[in-house]
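Below you'll find the structure, written out as structure tokens, and then a few comments.
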Amino acid sequence: MQTERVILQPEDIDENVIRRAGSLIAAGELVAFPTETVYGLGGDAFDEKAAEKIYAAKGRPSDNPLIVHIARLEDLAKIAEEVPQRAAILAEAFWPGPLTMILKKNKRIPDATTGGLDTVAVRMPNHPVALALIDRSGCPIAAPSANRSGRPSPTEADHVEEDLSGRISMILDGGSVGIGIESTIVDLTESKPMILRPGYVTAEMIEGILEEEVQLDPGLIAEDDSKKPKAPGMKYRHYAPKARMAIVEGNPDQVTEYINAKAAEQIKRGKRAAVIASDESRERYRFGTVLSLGQRSEEESIALGLYGVLRECDSLGVDVIYSESFSTPRMGQAIMNRLLKAAGHLVIQV
Ligand code: TXA
Ligand code: MG
């Protein structure tokens, strides 16, 4: 299959292009598009064949459900069996935006879209291209991140092309995304709201709006396999670079010293090493390829840099990666959740 890549200016969307992209979705084809979090791989959420195509293009296990994207609040009732009051309140506060809600699914959504679950994940993205595409296709759009399964999520159209060229009909190139890590997922089907995947919208922000306690899925932080994450996708080894990766934590001077010594040792043994640092610390590393996630003092830039740097490690073909820890004040939980998964939870305390 030939994949067409088209540039779209988010602030001046070419109507011919977006209509053509919408028609492809309506005809059961797949189109990758930018959102404010990461690029998504879209297909008609009501069409089980489209869901099957998405799983095939990504190489994703079909028990890992897709997020349904809508452009208008009225469309929520076409997807969810019921819209609890909490959902209406959170939609009012955070949509369009990086918050996905898990609700009981309505019969129109095929089992293929939800991986056989009786619940459905829904969000309204805050990106003009995404909203226009949903509108012109005339249906809600099921869209996972537009990467091959097991690769970091795409934050630029180049990443999508790298992973999916020849497997999908079209890539809408709307430039770099704004946030760089996937939406927060909150489950509203239990007695208490529960975060299944941390993201830009934090538990504290949700608590502030709902005025009730929000839990973190215990399966996300379990040290062993006794508790599995509730979001099927969180159990896979995602966001993973091909190299072995370790996160080094402790006093900054000791972290630098440890990483310099280890990287030098690896290089001596003929291995290629990379170091993941920040703009503030990058100059202090003397061995291997030093990559910066951005400025520690601006946590938004750290989130935005993360997946691009992991992809760069892959294309450089490094054998080992040593990363600093990034427990930033607000988005720290989301950033560390992705970094820990990339490292297979290998943390070295120095
Ligand atoms: O920011 C985002 O959410 C991006 C953009 C494209 O919108 N999408 C995204 O989709 O990250 P994906 O498929 O890569 O991740 C969806 C996650 C998976 O971990 C999946 O298991 C979980 O959501 N999920 C989907 N439906 C679910 C459900 N009914 N119950 C629990 N988890 C669900
Ligand atoms: Mg994904």
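Each reported figure results from applying straightforward, stated rules to the coordinates on display, with no laboratory input. Please read all numbers here as calculations on a predicted model, not as lab measurements. Don't worry about glycine lacking a Cβ; one is built from the backbone with ideal geometry, like all the others, and counts go over all protein chains shown.
Residues in segment 103-110 carry Karplus couplings, in order, of 10, 5, 7, 8, 5, 5, 7, x Hz; the curve used is 6.51 cos²θ - 1.76 cosθ + 1.60 with θ = phi - 60°, and Gly or Pro positions show x. Averaging sequence separations of C-alpha pairs under 8 Å and six or more residues apart, then dividing by the length of segment 53-108, give the relative contact order as a whole percent. Normalised by residue count, the contact order of segment 53-108 is 38 percent.
What FRET efficiency, computed as 1/(1 + (r/R0)^6) with R0 = 30 Å and r the Cβ-Cβ distance, is obtained for residue 11 and residue 88, rounded to the nearest 0.05? Can you show the working numbers first?
Details: r = 30 Å, r/R0 = 1.00.
So, using R0 = 30 Å, E works out to roughly 0.50.
State, as an integer percentage, the relative contact order of the chain based on alpha-carbon contacts under 8 Å between residues 6 or more apart.
On the way: 795 pairs, mean separation 65.4, N = 350.
Answer for the chain is 19 percent.
Based on alpha-carbon centroids, what's the gap between segment 142-203 and segment 290-306 in Å, whole number please? Going from one Cα centre to the other spans 18 Å.
Computed from the Cα positions only, the extents of segment 162-238 along the three principal axes stand at 44, 33, 21 Å, in decreasing order. Beta bridges from DSSP with both residues in the chain: antiparallel share about 35 percent, rounded to the nearest 5. Panel order for 221, 109, by other beta carbons found within 10 Å of each beta carbon, from fewest to most: 221, 109. Within the shell of other residues whose beta carbon sits under 12 angstrom from the beta carbon of residue 298, the net charge comes to -2, with Lys and Arg scored +1 and Asp and Glu -1.
Full extension of the chain between residue 56 and residue 215 yields a length gain of 53.9 nm, computed as 0.36 nm times the residue separation minus the alpha carbon distance. Set against the 2.2 N^0.38 Å expectation for a compact globular protein, the chain has a Cα radius of gyration ratio of 0.99.
Taking 25 Å as the straight-line reach from the Cα of residue 78, the lysines in range (excluding those fewer than 8 positions away in the same chain) are 49, 53, 104, 105, 107, 192, 230. When 279, 63, 163, 217 are sorted by how many other C-beta atoms sit within 10 angstrom of their C-beta, beginning with the fewest, the order is 63, 279, 217, 163.
Scalar couplings 3J(HN,Hα) for segment 83-94, obtained by applying the Karplus form with A = 6.51, B = -1.76, C = 1.60 to θ = phi - 60°, are 10, x, 4, 4, 5, 5, 5, 5, 5, 4, 7, 10 Hz; x denotes Gly and Pro. Shown here is the pair-distance distribution of segment 219-294: with all Cα-Cα distances grouped in 5 Å bins from zero up to the longest one, the shares run 3, 13, 19, 19, 13, 12, 13, 7, 1 percent. Summarised as an ellipsoid, segment 194-350 has semi-axes of 29, 18, 13 Å, derived from the eigenvalues of the Cα gyration tensor scaled by 5 and square-rooted, with the largest first.
Summing +1 for each Lys or Arg and -1 for each Asp or Glu, what net charge is found among the other residues whose Cβ lies under 14 Å from the Cβ of residue 268?
The answer is +3.
Placing unit charges on the Cβ atoms only, positive for Lys and Arg and negative for Asp and Glu, gives the chain a dipole magnitude near 1240 debye about its Cα centre. Listed from fewest to most Cβ neighbours within 10 Å, the set 6, 309 follows the order 6, 309. A straight Cα-to-Cα reach below 20 Å connects residue 242 with the lysines 58, 262, 271, 341, residues fewer than 8 places away in its own chain not being considered.
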